[in-house]
Amino acid sequence: MKCVDDFRLRLGGRELVPIMIGGMGVDISTAELALEAARLGGIGHISDAMIKTVSDRRFDTKFVSAKQKRYKHNVANVDKSDVQFDLGDVAEATRLHVGRTMEAKRGEGLIFINCMEKLTMNAPRETLRVRLTAAMDAGIDGITLAAGLHLGSFGLIEDHPRFKDVKLGIIVSSLRALQLFLRKSARTGRLPDYVVVEGPLAGGHLGFGLDDWMQYDLRVITAEVIDWLSQEKLDIPVIPAGGIFTGTDAVSYLETGCAAVQVATRFTVAKECGLPAKVQQEYFKACEDDIEVNGISPTGYPMRMLKSSPAIGAGIRPNCEAFGYLLDAKGHCDYIDAYYREVAAHPGQKNIEVWDKTCLCTHMRNFDCWTCGHYTYRLKDTTRKNEDGSYRLLTAEHIFRDYQFSKDGRIALPE
Ligand SMILES: Cc1cc2nc3c(=O)[nH]c(=O)nc-3n(C[C@H](O)[C@H](O)[C@H](O)COP(=O)(O)O)c2cc1C
């Protein structure tokens, strides 16, 4: 029987261990986690979600307070269209995060950045161009374009000197989305270097409907994509994601023509992961019934999370002056409507509850929106308990090597 280590991902003349740790927004997939994947010969992702917050935390910059100060006069205003990002600051924060990570890189693997295009930042094209350009300037090995895939993204950066050499990948949840993207970006003369096919069991936002996600199957979508690419004689590595929990699961995909796998949930309980240790215990403790897919993300995409996430029902004032990553081109976010609707319905009430939407920026920033993959309830089977009854965190290396070498559906427990 084979293990993942019997396969290699060929990408840009390199041979990599075919394990890619997926991007997990607002520094859940930290530089430390990504660096471990690269050191071990695979691919790790950092994320550019809320990059200024990440930079403030890591490098003691003051981007968030500066923005908040600049737009303080607007906090009680429902109209957020004036609240714009300083593009120079976005570039600087990106260069810091990417640059420092790349300087620390060791080993044969690669570091990519996950770039969620649904972070429209009140000026979708301009901010996206700056984010992508700054990441390339700072030496990132590759960029994975995710959530809300903008069909014209390649066009935004086609004049960059690294446009041909940086690895560019896209995340899709259907063959149709891939076909649309390829048609739209054909003009740039450049194909994606890899395609991540994300199925309905993944963490974070899902590319399916709130009511129909359970009808889809990653194996079926992946096979459709592989068949179509081979019919079209397009040699693009296909990387499935979502619910690949063991090395044996991974092998079953690699044996059917996938080039690698993208995994994330197993790494949410790694020491190098950005989630606070207390939250990691919530992930360990979760049972299947404690996890739901709901519609509270203002992006409009369904999102999977623990039902006990403090973000659910929390009625805080929108924080767009400090953050504002989800504001669309007109300065609008669905949470703003939901919040002010509840304020109007409960005049004079100090603490209100908002159940249908959440202030995702604030809650992701504070690690209060506990997004997770479907199989989070199996994490408890991947470790041992401490004497105090808590679960033992794992090293990223342990989890990575378990994916790489395990056979027969086994999961190696820590020593
Ligand atoms: C906590 C968490 C946060 C995530 N955040 C993002 C994100 O910011 N952007 C993204 O494209 N995918 C995100 N994902 C999806 C992962 O990158 C990955 O594709 C998927 O979860 C893989 O499935 P698995 O978790 O079952 O291994 C997230 C997943 C988890 C578990």
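Is the shape of segment 203-274 rounded, prolate or oblate, going by the alpha carbon gyration tensor and its root eigenvalues a ≥ b ≥ c, with a/c under 1.5 for rounded and a/b larger than b/c for prolate?
oblate
Of Lys233, Lys69, Lys271, which is the most mobile in a GNM of the chain whose springs link Cα atoms less than 10 angstrom apart?
Residue with maximal mean-square fluctuation among Lys233, Lys69, Lys271: Lys233.
Springs between alpha-carbon pairs under 10 angstrom, Gaussian network model over the chain: which of Ile46, Ile336, Ile21 fluctuates most?
Its mean-square fluctuation being the largest, the pick is Ile336.
Check cross-link reach from Lys330 to the aspartates and glutamates: straight Cα distance under 17 Å, and skip same-chain residues fewer than eight apart.
Cα-Cα hits under 17 Å: Asp79, Asp82, Asp86, Glu117, Glu126, Glu321.
Give me the count of lysine pairs in segment 1-88 whose alpha carbons sit under 30 angstrom apart, restricted to pairs 8 or more positions apart or on different chains.
The result is 10.
Rounded if a/c is under 1.5, else prolate if a/b is larger than b/c, else oblate: which is segment 133-204, with a ≥ b ≥ c the root eigenvalues of its Cα gyration tensor?
It comes out oblate by the Cα gyration axes.
Using the Cα atoms of the chain, I'd like the radius of gyration and the largest Cα-Cα distance, Dmax, both in angstrom.
20.6, 66
Please rank Met20, Met50, fewest neighbouring Cβ atoms within 10 Å first, as an exposure proxy.
Placing the least packed residue first, the sequence is Met50, Met20.
Which aspartates and glutamates have a Cα less than 13 Å from the Cα of Lys385, not counting those fewer than 8 places away in the same chain?
Glu415
So for Trp213, Trp355, fewest C-beta neighbours within 10 Å to most, what's the order?
Fewest to most other Cβ atoms nearby, the residues stand as Trp355, Trp213.
Would you mind ranking Tyr216, Tyr340 by Cβ crowding within 10 Å, fewest neighbours first?
Tyr340, Tyr216
Near Lys233, which lysines are there with a Cα under 21 Å away, not counting those fewer than 8 places off in the same chain?
List returned: Lys164, Lys167, Lys184.
Is the C-alpha gyration tensor of segment 86-211 telling us rounded, prolate or oblate? Criteria: a/c under 1.5 is rounded; beyond that, a/b larger than b/c is prolate, otherwise oblate.
rounded
Could you work out which residue, out of Gly109, Gly148, Gly13, moves most in a Gaussian network model of the chain, that is, has the largest mean-square fluctuation with Cα springs under 10 Å?
Gly13
Values quoted throughout were computed directly from the atomic coordinates according to the rules given, and no laboratory measurement underlies them. What you see is a predicted model, and the numbers here were worked out from it, not measured in a lab. FYI the Cβ positions are ideal-geometry reconstructions off the backbone, even for glycines, and counts take in every protein chain you see.
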